[in-house]
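Asker: My questions will all concern the structure given below.
Taken together, the values in this text are just the output of simple stated rules run on the coordinates, not laboratory data. Please read all numbers here as calculations on a predicted model, not as lab measurements. In this analysis, Cβ positions are derived from the backbone assuming ideal geometry, glycine residues included, and neighbour counts consider all displayed protein chains.
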Amino acid sequence: MNPRDELARIASDLRTHAEWLIESGATGLPEAEGTAGDEAHRPLSKPSAAARSSAPAIARVAPAEQPLARPSAPAASSISPVLRDVAASKLRLVEMADEIRTCTKCVLHGARTQTVFARGNPAAELCFVGEGPGADEDRLGEPFVGKAGQLLDRMIGAMGYARDDVYVCNIVKCRPPDNRKPEPDEMASCKPYLREQLELV
C-alpha cells in the first residue's frame, strides 16, 4: 500500500472511532488506577453491542462536575524545535523574496518586469530548479507557468503529487532577454540566493 492510501485508511479509522466516541457519550479517559481523583471518573453504562463491534472498547466516563478549563496557548519554550525551524525558514524565504525584488547584482535586472522567486510548498520533499524565467513568468511573477510549466505540472501529477506539493524555483530570478540561457556571471550572481533557498527548503 502506498503512503497516500495508508494515510487515507488511518484517517478513515480515526473518523470512525471519533464518531463512535461521540455516539457513546465518552468525554475523556479515566485516570490510571490508584491516582488521585479516581472517584471523579465513575464508569457509565456500556455502549451497545453494535457500537462495541464498530470500534475498540473504551470506558465511558462521567463529565466532571466543574467545567473543564480551556488549555492555554503553549509557551514559546514548549514549541517543538522542528516547528520553530520551519517557521523561521518560511519567514527567511519571504525576506529573501523581498530582497531579490530590488537586486541589481547583474545586468538582468535592467529589463525585468518583476523578479520570479518560487512557487509551491516551502517544506516540500521534492524541488525542481529551472534555468530562468521566461516571458510568461516575468509577467506573472511565478516560475513555470508557460508551456514548459504546463508540461512540468503534468509530470508532477504523473508522479503522484499535486502541483503545490513540490517546490519550484529557478537559478536566476530575472528573465534573460529573448529567453536565452543565463550567462555564467548571471548565474554566479544569483547562486548565493539559490543555495540559501534550497537549504531552507
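Asker: Please compute the modelled spin-label separation between residue 164 and residue 101, points set 7 Å along Cα→Cβ, answer in nm with one decimal.
Answerer: Distance between the two pseudo-spin positions: 2.0 nm.
Asker: Could you tell me which residue out of 161, 150, 113 lies farthest along the dipole of the stretch 80-200 toward its positive end? Charges go on the beta carbon: Lys and Arg +1, Asp and Glu -1, centred on the Cα centre.
Answerer: 113
Asker: What's the extension gain from residue 154 to residue 181 if we count 0.36 nm per residue and subtract their Cα-Cα distance?
Answerer: Taking residue 154 through residue 181 to full extension adds about 7.4 nm, to one decimal.
Asker: So, by mean Cβ neighbours within 10 angstrom, what's the order for 131-139, 175-183 with the highest one leading?
Answerer: Packing proxy ranking, top to bottom: 131-139, 175-183.
Asker: Among 87-98, 111-122, how do they line up from the highest to the lowest mean number of other beta-carbon atoms within 10 Å?
Answerer: 111-122, 87-98
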